[in-house]
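The values are calculated or read from the model by the stated rules, or taken from the named source; none is laboratory data. Note that the coordinates shown come from a computational prediction; the quantities given were computed from them, not determined experimentally. Every residue, glycine as well, gets a Cβ built from its backbone with ideal geometry; the counts of neighbours run over all protein chains shown. Side chains are part of the model used for accessible areas, which takes the heavy atoms of the whole protein and leaves out ligands, DNA and RNA. Shrake-Rupley method; radii C 1.70, N 1.55, O 1.52, S 1.80 Å.
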Amino acid sequence: MEVRLGSGVYVASLQPPSGAEGAKDIGPFELLEARHAIEGEACALAALRIDDAQIGQLSALIAEMRDDNRHNEILLSEEADRRFHELIASATQNSGIIAAVQMLWDARARSPQSHSMDDKGRARGLKPPIEEHAAILRALKRRDAEAARAAMHEHISRVIEDMLKVTEVVEIERARAVAAEKRRRYSRVPRKTVAR
């Protein structure tokens with residue numbers, strides 16, 4: 001990313017910070033876009049096929065996330081978050097959807113870009129949001145496919161927005177640090193005195 005004061009934030013490179021993109025390294029925003037499309041439809045289908053035992057398991061995962069968030073066990077909360085989403089995929093009873101959702105979460109786990117983005121989000125206090133997961137669960141309990149799709153879309157859209165904000169903040173801080181260094185460096189330039 002590149003911040004141009006007075007203009008905006010621009011993508012300067014599609015390469016991860018290490019400089020080399022891995023064979024299966026999918027960027028965090030592309031992963032989120034794919035999750036939005038795939039998990040939204042998975043959630044709609046799950047609403048039609050989910051059983052009461054899976055509803056109970058999802059409820060337990062939300063309780064686990066809530067407890068982990070309260071104790072600042074963010075990595076544990078994120079793991080419960082993943083299991084929540086994978087359980088919804090499992091409730092579709094469609095092996096293709098299950099494999100697709102697992103592949104997206106596995107790609108996130110392997111991606112240096114996603115690790116960097118997640119670290120930045122955690123540093124800014126981002127945690128799996130309980131109410132958004134609860135809204136998904138409420139729609140699934142009602143077996144309401146449209147509401148389930150909408151709740152999942154809203155959840156992932158908010159994650160995308162949070163990640164965009166994190167990216168902007170980090171890049172703006174970087175630009176400020178560069179500007180401060182230039183101010184420090186160039187404020188010491190001797191000025192020629194003019195004889196009067």
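For this structure, a couple of remarks:
- One residue from ARG108, ARG83 being assigned to a helix (DSSP H, G or I), open to solvent by 70 Å² or more (accessible area, probe 1.4 Å), on the phi < 0 side of the Ramachandran plot and not hydrophobic (A, V, I, L, M, F, W, C): ARG83
Yes/no per residue for (1) in contact with a helix residue (DSSP H, G or I) (Cβ under 6 Å, 6 or more places away or on another chain); (2) more than 17 Å from ILE98 (Cα to Cα):
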residue	(1), (2)
ALA42	yes, no
LEU45	no, no
LEU48	yes, no
ASP52	no, yes
LEU76	yes, yes
PHE84	yes, no
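- Flag if LEU48 is over 17 Å from GLU131 (Cα atoms), aliphatic (A, V, I, L, M) and assigned to a helix (DSSP H, G or I): yes
- Only one of the listed residues (LYS165, LYS120, LYS127, LYS182) is open to solvent by 60 Å² or more (accessible area, probe 1.4 Å) and over 26 Å from GLY27 (Cα atoms). That residue is LYS182.
- For region 32-43, a tally of residues being farther than 12 Å from GLN93 by Cα and either out of contact with any Leu (no Cβ under 6 Å at 6 or more places or on another chain) or among the acidic types (Asp, Glu) (or both) returns 8.
- Residues (among the aromatic types (Phe, Trp, Tyr) and within 16 Å of LYS127 (Cβ to Cβ)) located in region 77-112: PHE84
- Filter pass, ASN94 being open to solvent by less than 30 Å² (accessible area, probe 1.4 Å) and out of contact with any Asp or Glu (no Cβ under 9 Å at 6 or more places or on another chain): no
- Residues being among the hydrophobic types (A, V, I, L, M, F, W, C) and more than 22 Å from GLU86 (Cα to Cα) - total across region 137-185: 10
- The listed residue being part of a helix (DSSP H, G or I) and touching a Leu at 6+ places or on another chain (Cβ under 9 Å), out of GLU78, GLU64: GLU64
- Given (1) modelled with pLDDT under 95; (2) closer than 20 Å to ALA46 by Cβ, index of the condition GLU86 fails: (1)
- Residues of region 131-146 satisfying the condition of being open to solvent by 30 Å² or more (accessible area, probe 1.4 Å) and part of a helix (DSSP H, G or I): GLU131, GLU132, ALA135, ARG138, LYS141, GLU146
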